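A quick write-up on the structure given underneath.
Derivation of every value follows stated rules applied to the coordinates shown; laboratory data play no part. None of these values were measured; they are calculated from a predicted model. Note that each Cβ is placed from the backbone with ideal geometry, even for glycine, and that neighbours are counted across all protein chains shown.
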Amino acid sequence: MICDNCRHEIGPEDLKCPNCGADNPFALQHAKNMEEYEAAYKETEEKARQFAGNTASIGKRAAILAILLIGIVVMLIVSRMNYADPDSDKAVIKDAVKNVDLYSDMMEEYLENGEYMECASFIFAHEIKSLHGNEYARFGNIDFVIMDYYECIRGMEDIVFRSNEADYFSSLDTDINNYCMYLEDFYSTYANMKLLESNAQYLSYMDDMETELRTAMRVYFSMDEEEIDSFLKMTRAGKAVKIEEVLDNEE
Amino acid sequence: MRNKYTVLIINSLLVIAGIAFLICLIDMIYSFRYRFRETSDPSEEHADVFEYQLEYKAYNEILDSYHVLRMQDLDPKPGFENIYRAGAYADAAFMVPVYEAEHSDVRSEKNEQKLAVIRNELGDHIQIADDIDKIVGR
């Protein structure tokens, strides 16, 4: 570069001419620009550092949040396991599904031997009634009849084995009403399931259960076949009155 | 500005998660207390009720207990043997006159065998079998 004042050669970074001492406007402008660039650089650097710091802080918080959420999930699972009933129906149903062949054979055996009460208890204990639509579908119709037969026999047992002690609470009226209700349920189910059932063997079991109920009425309520027919046609209240009459006559 | 909102949201979530964490922790502690709680022996309670029912010859109530218990377990749990024996005897005895009236010899014979076995198992409670036989006219 050439000095404007003395025409002496000067370097581009010389702020003043080494010969005459005049200012070098180019170098001065350059130095000013450099100062501005430096300041801008420092400001940007500061912002960048601040942003990085903030991001790190968010990351830490997010990590803590994730740990808390995982902890919550783990604690919920542990609590649920602690509150769970170890002998829940789920386990029983799972067992019934697993042993479908064995349990089906056992039910067939109960039916073949006419052990309908045992069969009903078996169905309840193994939650088989909840699997009618699936694994135990073939028992779907007869199970309903067995259940109602079971309730009828239980109702009759309640009446027959009642306590005759004077100072013991008597639930005879309720027992008679319940029995009459169960009997109506049985005959309604029996009629419907006979229409739906196609297996001849199961149909014969249904008839057998109906015969047993009639025989039990004959034996315990001293009715003949004709009386049973007219008894079954009565209203529920009428049935209850009839049984009360029978029991009064016994005493 | 954007960071400020993000931090605010995360802080709020942290507070909520912290509260939820504490609640779950307390619930988990209680769940362990529930799991290892001391429970009364149901067989003792049933034994008392059974003796009371026997005293009044309320065999219908014993049968009810038997049927309800069998809905859960076909075989008796320890302490429930007497209820199961008495219930099974009454249940089988109930069918004796029914099978006789139907002339079902096979069922009748099988039922009698069952009754004989239970009668032998009744031990001190043999009176139950006698009472029940009397009721069904056996």
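See the values below:
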quantity	calculated
Neighbour-count ranking [beta-carbon atoms within 10 angstrom, fewest first] of B:Glu38, A:Glu165	B:Glu38, A:Glu165
Nearby aspartates and glutamates by direct alpha-carbon distance to A:Lys16 (threshold 12 angstrom, same-chain neighbours under 8 apart not counted)	A:Asp4
Label-zone membership for segment B:1-45, site A:Thr55, 7 angstrom Cα→C-beta point, backbone N under 16 Å	B:1-4, B:6-7
Kirkwood-based Rg to Rh ratio, the protein assembly as shown, C-alpha trace	1.53
Between segment A:9-53 and segment A:54-80, the Cα center-to-center distance that results, in Å	51
Distant-in-sequence amide H partners of A:Lys16 (H built 1.01 Å from N, under 5 Å)	A:Asn24
Average Cα contact separation per residue, segment A:115-251, under 8 Å, 6 or more apart, as relative contact order %	24
Charge dipole (debye, nearest 20) of segment A:89-250; +1 at Cβ of Lys and Arg, -1 at Cβ of Asp and Glu	600
Theoretical ellipticity at 222 nm over the protein assembly as shown - DSSP helices of four or more residues, -39500 (n - 2.57) apiece, nearest 500	-26000 deg cm²/dmol
Segment B:42-136 - Rg and Dmax from Cα coordinates, angstrom	13.3, 42
Rounded Å value of the spacing that divides the Cα centres of segment B:67-138 and segment A:204-251	23
Gain on full stretching of the segment that runs from A:Asp173 to A:Glu225 - 0.36 nm per residue minus C-alpha separation	16.3 nm
Segment B:97-112 - phi-based ³J(HN,Hα) in whole Hz, Karplus 6.51/-1.76/1.60, Gly and Pro as x	x, 5, 5, 5, 5, 8, 6, 8, 4, 5, 5, 4, 5, 4, 5, 5
Partner lysines for A:Lys242 [C-alpha distance under 20 Å; skip if fewer than 8 residues away on the same chain]	A:Lys233
Reachable lysines, given that their alpha-carbon falls under 30 Å from the alpha-carbon of B:Lys4 and they are not under 8 places away in the same chain	A:Lys42, A:Lys47, A:Lys60
Label point distance in nm, B:Asp48-B:Asp27, each placed 7 Å from Cα along Cα→Cβ	3.6
Estimated distance in nm for a label pair at A:Met106 and A:Met81, the labels positioned 7 Å out from Cα along Cα-to-Cβ	3.0
Mean separation of Cα contacts under 8 Å (6+ apart) over length of chain A, as relative contact order %	11
Greater than 23 Å apart at Cα, pairs in B:Lys114/B:Lys134; A:Lys239/B:Lys110; B:Lys57/B:Lys134	A:Lys239/B:Lys110
Cysteines, chain A, no other Cys beta-carbon under 4.7 Å	A:Cys119, A:Cys152, A:Cys180
